[in-house]
Each structure stands twice: as structure tokens, then as C-alpha cells.
Amino acid sequence: MYKILMIIKNVIRNYFISVTFLSVVLFLVYSCAPETQYRKGFAPKPCLDCHKEKLSEFQKKHVHSPMGARDCEACHLRHGKIPVLSLKERDQGKLCYTCHKQTEAVVNGLAFPHTALKRSLCTPCHNPHASDNDFLLKKSGNDLCFTCHEQGSFTRAKRHKPLADGCLTCHEAHGSSNVNGIKEPEVSLCKSCHSYTDGSFRNAHKNYPVEMGTCTGCHTSHSSTNNKLLRESIHTPLNQGQCASCHRPATDPNPLSVIAPDGKLCYTCHTKEEKEYEETYRHSPVDENKCQSCHSPHATDFPKVTKLGKNELCISCHEQKAAVLKVSNLHQPIKDTGCTACHNPHASSYQFYLKASQTQICFTCHTKTEKELKEAYVHEPFSRFDCRECHDSHGSSYPSMMRVELTGLCYTCHKQAEKDFYKTYIHTPVSEKRCVSCHRPHSSSYANLLNNSADQLCVRCHGNMFLDLKEQDLHKPFGSKECGICHDPHASDYIEVTVKPMGDLCYDCHKTLEDTYSGSTYKHLPMEEGKCTECHSPHGSKTDNFLLNRPKELCLSCHERIVITTVRKGHLDMEEGDCLSCHLSHFSELKHLLVVNDPALCLKCHTVDTDSLLRAHIKPLEEINHCLTCHVPHVTEKPGLLKNIKHQPFARGKCTDCHE
């Protein structure tokens, strides 16, 4: 019983010690911890710590309220290390309208909003951070408007007075319910300054009630080169004050109506033009007597009193051609003059109202190109005057206004050639589809429309091949620059774009060699495989027989096992590099392509029985049956070109032990 009590006592004591220790630890931990508990991660860094260039904005007169509160994240998202403008809304207008809701309501109700607002852009006019101008505008007064609107039409000699007072005299900044964003309907707006009943006003307008029409039909609202603020292109009767030549008298109950319908009215003066328009092809507005489809009866800012500019007028009807104006290579006449450079806007004897026939219209400008028709060889489309088969007459996004990418243009007609060129080895210009590297597109003095004569064409790219070689060093076809004898100019299934396999190609000229070779017992491996260029240069060489190197170096480039020993004695002819003293280069009736058999081959040089030779061989040389029984023909580590493995009597010089 006593032992049990002691055990219980120890357990209770240990428990209290453990609880006390844990309490102390927890107290220390919490007493050292800060009072503020941060969330997981890092505390955000103020934007202006990095964007210090924005600090100067606070010195400006007007600071955008989020900027003033340094609340960058009212508009921006944090971007981290990558410096990207990251707004909370991708749509700029939508971002601004999160605060400027009243402006949003007004703008959405406008029939004619400012162009920038149509595109949901505020920053073309406003600085999003701060400005010294009211409403955070980037510039003050008219200068702001001129950042987009070209100043030319506002700075002519005679300027409308409100222009000096500022654009906002007549226009609303964000837009309005009236065209061009003016504050009131046109006639009412002009009336705010001009009295339509004033005597001088009535006299200036020949007593016609012009307020029943529009002021800008005759006048410019900004500036003009004439004192009457008339537009730049003025119909002659208007300029001369002869309103009654087209309109009914001012006293008529309907004074602004005309004295004849549209077309007939114009021909009362334009009698010459009426006759000129009696052509096969008449522009539909002319045919329908609707002159005012294109022309204003009073004044415009465009030549010939047209309602719109040189290209815009045509595009207003020919909408399918609008995309043409956006191409990267627009036809130069369209840039300079417009559609009427090639087309007659009224009538023509030629289709599409062209000013000349389709076969001649291009040559009215391209006179040098026309002379190319006199060349000996003319490209078929060019000979038919069908320029449009390759070129787009208005323009394209390809060089030289090609209808398709230049690399694919030729194959639109030469489809079979494209298939034929799909081979293993392709000439680089063909591979890169650069046909014009070798061929002229219109005409040429050379067959196949080549850029140059056949003997000079290849030299333009491969001229370096001729630099180090003299005429006597050149292979005949190469020397005469007849590259086509061996090479296909486009593509081939054979290496180096040759017209045949290399062996067959060489035999076309070297027929005797082929005939002799075919009946031979032993053939040099490169020749057997038809690889003549393993040893010979096909173009030329400074060595005999157009070899790629001297015979010794050339032979050893393949037969390297002959010279693998480091310390050796060499056969004299081999040391001097004359492998061909013993071997034939192409074929032989003898093994190893030998010139003659052993020992006759050796006796060609070793003809004299010297004392040393007699001692070594015991008998005269002419009585020896086989030299190669004891000697190696090329190199050895032993003197006398002896074989390394020797019969012991032979090694001791005791030939008579075996031989008589």
C-alpha cells in the first residue's frame, strides 16, 4: 500500500512540474511577440517609393483626387517587378466612369459624341494624375484640339471670329446632339451672332432666305483664303453671286428650289462635258443625271467641288475597295492623285472607266517598262499586257504590289515546275523561292528570261570559285562557264544538284575511261561507287588531273593505316609522294591496283645488283620470285622495309638453312 501511494505522489509531482514549465514557455513566447499581428506575406510598399517621377505631379495646380489621396490602387493594379501599366479596367472609359457616373450618363445620351469618347478614351485630352489646366486638361484652349485636328484648315488668312475665342464657343467638349458636336443646330448657332434680317446680310446673300438651308453648304466655319469665308472650292455661279442661274428668283414662293432637275440643270452650262460623256462606259451617277452624288452645288474644301477627298469620295460608294487604302504598298497614283489618276470619274471608251485601254493604262506612267516589250524574250502575261496577272492594280501588302507573296507568285502559273522542284537537293534560290534571283519578271535578252547570259549568271553568286585558278587549271565545262552541262539550275535528286549521278555524269565526256573500266578486275573504290569528286575537283585545281591535293596527301587521306607507325623507314617513292609509281589510280587487272606484278614492279627501280643487295639476297635480283614475301611496300619500323614478323633463320641471316 505504501508503494502505491509513493507512485501516485511521483506522478502528481511530475505533472505539476510539466504544467509549470509549459506555462513559463508560453508566457515568454507571447511576451516577446509584437502587439500587431501581420497577415501572411509582405506589407505593401507605397507606389511612390519606386515611381518617384510622379512626385512632381503634386506641385501642379490641379491634382486628380485619387492621386491626391495617394490611392493609386483606385485605378491601378499592382504589377510587381514587371513594369506594365495594369489598370483595374481594360476599357479606359469604363474605368473613369466608375467615379464620373454623371458624365457617363450624359455621354451615353449623345447622338454625336467626341471621337475619343467613341473609342472609350479619356486620356487624349485629360491627364489622369495632375495638370495646371482646369479639368485636368493636358493643354489649354485651342492647343488641346490641335493635338488631333490638323491646324491647316484653322489658320488660313480669313478666320472666323469665334475661332479666336476658342473652339468651345461653338462646340461641346464631349459631344452633343448635333453633328460635329456643335452646341445648337447649325442655323440657330449661327444666328446667335449673325442677324438673318439685317440689310447687309440680306444683300450679301442676294435676298435669298439662306436660313432655310445650311450655312456650311457655302461657308467654312473655321478659316478661308477668301474674305467671304467661303470654302476653298467654289462653284462659279456662287463665286460670282449668280444664285439665280440655278435657283428660282428670291421673290419666288419657293426661292431655294432649282430651275431644272439635277443633271439637266448642270448641262445648261456644262454643254461641252455633256457631249464628252457620251461614251460606251458611263459612271452610274452620270448615267442617272445625279451630279450631286459626287459634287456640291455650292462649295466644298475639295477640288472640283467634290463632296469628299480624292479617295474617300469613291470609297463612299465602292465600299468593297476600302480595304485597299490600308495595304502597305498602295499604288503611288492613288496616294498622289486618287482614283481619278487612272479612272475617268464621268465616262470613258474603256471598261472600268479607265483613261486608256487596259493594255496601255500602265504604260502611261511606266514608260521604261513598256520598252521591255522589245526584248527578244517576253514573259507571256507581259506580252499580253496583262499586268494584273501578277500585280494588283490598286495596291497590296506585298512588294511591287504583287497579288500574292512573291515566293508563291510564280507557282500560281508554273504549278508543274513546283512539283518538279520537290527533290532531294534544291538550288538555294529555288529553295527560298527567289525566282527573280535568276529570272527577269517581264522580259530579257536571254532565253528563259534569265537576268544575264548563261555563262555569266552563275558567276554573280559563285564568282569566288574563279579567283584562285588560272585558265589552264580549270575543268573545261567550268572554264567555259557551261554550268548546265553538269548542274540542274533548279533541283535534283543527286548531290550538288547534278543532272545525273556523279559517275554517269563524268562518263558522258570520259567515255574511253568508262569502256576500259567496265572490263577491269580490280577497281578503285571511289570509282566503283561513282564518286569521282573524292579525288578530283569538278571545277579545277592547281594540281595535275584536277586532283584535290598532291597524290601522297590525297591517297593517305583515305589510306591512313599505311602511316599509323610513329617511327618508321619509308619506301623512297612513297616518301616523295609518288604513289602512282606503283599503283594505278582508277582500275587494274592486278590486285591493289598495281602497275605490274611483284617482282617486276620492284625491278623497275631496283635494277643493279650492288654488293649489299647480293649479300642480303644471296642471289641476283632477277632470280627473286617475290619481293613482298619478306618486304612491306610502304613503311616499316625496321630498316630495309622488312616485315616485323620474321622466320628465325631469316632473322639471323641464315637463309641457307632452308634454301639452297
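Observations on the structure shown:
- Restricting attention to the range 285-327, the residues that are surrounded by fewer than 18 Cβ atoms within 10 Å (Cβ to Cβ) and polar (S, T, N, Q) total 5.
Here is a yes/no grid of residues against (1) charged (D, E, K, R); (2) over 30 Å from G152 (Cβ atoms):
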site	(1), (2)
L229	no, no
P249	no, yes
N254	no, yes
E273	yes, yes
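- Residues that are at positive phi and outside any loop (DSSP other than H, G, I, E, B) were ranked within the range 165-214; the one that is most open to solvent (accessible area, probe 1.4 Å) is N180.
- Number of the exception - V404 against (1) closer than 30 Å to N452 by Cα; (2) in a helix (DSSP H, G or I); (3) open to solvent by less than 80 Å² (accessible area, probe 1.4 Å): (2)
- Residue match in the range 511-525 (condition: closer than 30 Å to N452 by Cβ and either at pLDDT 90 or above or outside any loop (DSSP other than H, G, I, E, B) (or both)): no
- Qualifying residue in the range 340-351 (condition: touching a residue at least 24 places away in the same chain (Cβ under 8 Å), of a type in the set (F, W, Y), more than 29 Å from P237 (Cα to Cα) and exposed (fewer than 15 other Cβ atoms within 10 Å of the Cβ)): no
- Filtered by the rule that a residue be within 21 Å of N545 (Cβ to Cβ) and either surrounded by fewer than 16 Cβ atoms within 10 Å (Cβ to Cβ) or not β-branched (V, I, T) (or both), the range 486-500 gives C486, E496.
- Only one of the listed residues (G241, G263) is modelled with pLDDT under 95, assigned to a loop (DSSP other than H, G, I, E, B) and open to solvent by less than 60 Å² (accessible area, probe 1.4 Å). That residue is G241.
- Taking the numbered list (1) open to solvent by less than 70 Å² (accessible area, probe 1.4 Å); (2) under 25 Å from E560 (Cβ atoms); (3) touching a residue at least 12 places away in the same chain (Cβ under 8 Å) in turn, D609 passes all entries but (2).
- Members of the range 509-539 that are closer than 14 Å to E589 by Cα, surrounded by 14 or more Cβ atoms within 10 Å (Cβ to Cβ) and among the small types (G, A, S): S520
- A search for C-beta distances below 6 Å between a residue of the range 506-524 that is in contact (Cβ under 8 Å) with a residue 12 or more places away in the chain and any residue that is assigned to a loop (DSSP other than H, G, I, E, B) and surrounded by 14 or more Cβ atoms within 10 Å (Cβ to Cβ), counting only pairs 6+ apart in sequence or on different chains, returns H524/H586.
- Taken over the range 451-471, the residue count meeting the criterion of being more than 26 Å from the chain's Cα centre (by Cα), within 24 Å of H379 (Cα to Cα) and not in a helix (DSSP H, G or I) is 3.
- For N448, the conditions (1) loosely packed, with under 14 Cβ neighbours inside 10 Å; (2) among the polar types (S, T, N, Q); (3) touching a residue at least 24 places away in the same chain (Cβ under 8 Å); (4) on the phi < 0 side of the Ramachandran plot are fulfilled apart from (4).
- Selection of first residues in the range 538-555 that are at positive phi and in contact (Cβ under 8 Å) with a residue 12 or more places away in the chain and of second residues that are part of a loop (DSSP other than H, G, I, E, B) and hydroxyl-bearing (S, T, Y), restricted to Cβ pairs under 7 Å at least 6 apart or on distinct chains, gives the following pairs, ordered by first then second residue: F546/S537.
- Residues located in the range 359-385, provided they are surrounded by 16 or more Cβ atoms within 10 Å (Cβ to Cβ), assigned to a loop (DSSP other than H, G, I, E, B) and touching a residue at least 24 places away in the same chain (Cβ under 8 Å): E375, H379, F385
The values are calculated or read from the model by the stated rules, or taken from the named source; none is laboratory data. Computed from a predicted model, the values in this text were never measured in an experiment. When we count neighbours, we look across all protein chains shown, and the Cβ atoms used for this are built from the backbone with ideal geometry, even at glycine. Ligands, DNA and RNA are excluded from the accessible area calculation, which covers all protein heavy atoms including side chains. Shrake-Rupley method; radii C 1.70, N 1.55, O 1.52, S 1.80 Å.
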